[in-house]
Amino acid sequence: MRLIASPRFEEHTTPPGHPERPERAEVFDAVVRDWRDRVSSVVEPRPATREELLRVHSPEHVVRISETNGRAAMLDPDTFTSPESYEIALLAAGAVVQAVDHALDAREAAFALVRPPGHHAERDRPMGFCLFNNAAVGAAAARARGLSRVAVVDIDVHHGNGTQWMFYDDPGVLYVSTHQYPFYPGTGAADEIGRGAGEGYTFNVPLEAGATDADYAMAYVAIANIVERYAPELLLISAGYDAHADDPLASMRVTTAGYGAIVALLKGAAVRARCPIALTTEGGYDLAALRGCLDASLAVLCGDASVAIASDGRAAPRAERALDAVRAAQPRWRDIL
């Protein structure tokens, strides 16, 4: 298990009261200190190259973000830069490429602990706290290495609109998301399933507010089956922890143990598909919950077999309704849902 992290992620600053604040990076630093002796390696990130960014972003977008270097800017009502943000955003995207490369080369999990997050950033638009789409840059790097099938599973409470649209036509990238719906950014309906050759390879599970561990367990049992059937050569997880019950930005009721169970189900799918795992942080704005969920995820990835992955027969009405909508929209996967 490799961690890619740096104290430099604290240098991206946001206005007072903004949820995506430098203290999140202090949590990452504490995780690194406590896990350094339990993982195989900890490395500093390197910046993403222009070539890596241009696989998913337009030249105009890359220039726009680069022009914020050295100054503070408001890019939309939620998304801000400070003088250091361009450099830090390059490190965030580059760290995910490093995680992908390590997972593929060493055949062990790698986790990029980064900010700003990335999954809302579109080809030509920063949004939702995100400047570059870190996960998409990583998935595209894997495809550039010659991989035919990459699965990106987004466990953030918000739908990853940017990642979805970047690969909406591409059967070589399976994008799967669970998210509160309807909610920001307004995308992620069950019938958003891809287009053209990519039809069926976008897989949205829109969950109503209030979803519990049982709802998520039911959803991720189904998702694990989808991932296994797809047989990816790499599983990349957009690890947002803001569906946690304590998170201030959403209305879900997932516990820390529930997040550990999600990662355990996805790890099981990757083991059965015989593919490595790379992860990158997305949201998660309650600092104690973020720390707990990172610890739970790392325990699973480092081999803790004690994580419960079943819903124990508890009612999961929100997942049942969401999966009914998915079955109606997804003929490609209906036989295993």
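Considering (1) under 16 Å from the mean Cα position of the chain (by Cα); (2) under 21 Å from Ala5 (Cα atoms); (3) charged (D, E, K, R), the lone condition that Asp295 does not fulfil carries the number (1).
When Gly172 is tested against (1) touching a residue at least 60 places away in the same chain (Cβ under 8 Å); (2) of a type outside the set (A, V, I, L, M); (3) surrounded by fewer than 24 Cβ atoms within 10 Å (Cβ to Cβ), just one condition goes unmet, and that condition is (1).
Just the residues that are closer than 20 Å to Arg274 by Cβ, crowded, with 23+ Cβ neighbours inside 10 Å and among the hydrophobic types (A, V, I, L, M, F, W, C), please, taken from region 208-223.
In the first step, residues of region 208-223 are kept if they are closer than 20 Å to Arg274 by Cβ; the result is 220-221, 223.
With the extra rule that they be crowded, with 23+ Cβ neighbours inside 10 Å, the set shrinks to 220, 223.
Of everything in region 208-223, just one residue is closer than 20 Å to Arg274 by Cβ, crowded, with 23+ Cβ neighbours inside 10 Å and among the hydrophobic types (A, V, I, L, M, F, W, C), namely Ile223.
Taking region 133-170 as the range and being of a type outside the set (D, E, K, R), in a loop (DSSP other than H, G, I, E, B) and over 12 Å from the mean Cα position of the chain (by Cα) as the test, the residues that pass are Gly146, Leu147, Ser148, Phe167, Tyr168.
Out of the residues in region 141-160 that are aliphatic (A, V, I, L, M) and surrounded by fewer than 24 Cβ atoms within 10 Å (Cβ to Cβ), which is nearest to Tyr220 (Cα to Cα)? That would be Leu147.
Condition first: among the aromatic types (Phe, Trp, Tyr), crowded, with 16+ Cβ neighbours inside 10 Å and not in a strand (DSSP E or B). Can you find one or more residues in region 60-83 that meet it? Checking region 60-83: not a single residue is among the aromatic types (Phe, Trp, Tyr), crowded, with 16+ Cβ neighbours inside 10 Å and not in a strand (DSSP E or B). Residues in region 21-43 that are assigned to a loop (DSSP other than H, G, I, E, B) and surrounded by 13 or more Cβ atoms within 10 Å (Cβ to Cβ): Arg21, Pro22, Val39, Ser40. Taking first residues from region 175-195 that are surrounded by fewer than 19 Cβ atoms within 10 Å (Cβ to Cβ) and partners that are among the β-branched types (Val, Ile, Thr) and modelled with pLDDT of 95 or more, the Cβ contacts under 9 Å between residues at least 6 apart in sequence or on separate chains come to Arg195/Thr202.
The values are calculated or read from the model by the stated rules, or taken from the named source; none is laboratory data. In this text, all values refer to a predicted model and were calculated from it rather than measured experimentally. Quick reminder, even Gly has a Cβ in these numbers, built from the backbone with ideal geometry, and neighbours come from all protein chains shown.
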